[in-house]
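Chemist: The structure under discussion is supplied below as structure tokens; questions concerning it will follow.
The values are calculated or read from the model by the stated rules, or taken from the named source; none is laboratory data. This one's a predicted model, so the numbers in the text were calculated from it and none came from an experiment. Quick reminder, even Gly has a Cβ in these numbers, built from the backbone with ideal geometry, and neighbours come from all protein chains shown.
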Amino acid sequence: MKKAFTLIEIIIVLVIVGTLAVGALVSYSGAMEKAADEEAKRNIEMILTGVEIYRMNTGSYPGGSIFNSVSNINAALHTNLPTADSRKWNYSVVHHLSGATPYACAYAQRYKGNGTFSGGCWKRCSNSESPDTTNCINSANLKDGKIINPN
């Protein structure tokens with residue numbers, strides 16, 4: 001008698017392999033999201049370093065329309081943020097002059113391409129310790145990729 005796998009055994013193996021493949025895909029996409037978040041946090045740290053250098057050179061924090069586009073931020077702060085449609089984040093700098101101590105915030109808004117944004121956002125201000133998502137800008141604050149009404 002010839003030994004062979006039965007149809008049930010083959011189906012069980014395929015189900016197991018499929019389950020492992022789905023688990024690997026979920027883990028991979030989660031790792032990619034985490035890497036994208038880390039990229040945004042690193043870049044806003046770099047932007048704030050440039051902002052502090054700008055403040056030391058000029059005596060005031062940058063802000064306004066010149067800092068609402070990635071290419072303008074790159075030119076003014078001598079950074080090298082990606083500007084192509086393949087980038088994952090759009091970056092902006094906003095200065096806050098109210099209160100006794102002025103400060104600046106760098107924002108990273110999740111960029112989907114073709115001029116559209118999704119919900120992901122990171123913010124870090126010169127008067128805070130680390131990046132967070134508290135009071136972060138959202139799509140209501142953006143028009144054509146520019147912040148129109150910061151918090």
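Chemist: Thr6 passes all but one of (1) of a type in the set (S, T, N, Q); (2) closer than 23 Å to Cys125 by Cα; (3) at pLDDT 85 or above; which number fails?
Modeler: (2)
Chemist: Considering only residues that are modelled with pLDDT under 70 and charged (D, E, K, R), which ones fall in segment 84-111?
Modeler: Hits for segment 84-111 are Asp85, Arg87.
Chemist: Modelled with pLDDT of 85 or more and of a type in the set (A, V, I, L, M): does that describe Met56? Steps first, answer last, please.
Modeler: Numbers: modelled with pLDDT of 85 or more: yes; of a type in the set (A, V, I, L, M): yes.
Against the criterion (modelled with pLDDT of 85 or more and of a type in the set (A, V, I, L, M)), Met56 qualifies.
Chemist: List the residue pairs whose Cβ atoms are under 8 Å apart, where the first residue sits in segment 34-54 and is under 11 Å from Ile73 (Cα atoms), the second is loosely packed, with under 14 Cβ neighbours inside 10 Å and not hydroxyl-bearing (Ser, Thr, Tyr), and the two are 6 or more positions apart or on different chains.
Modeler: Gly50/His78
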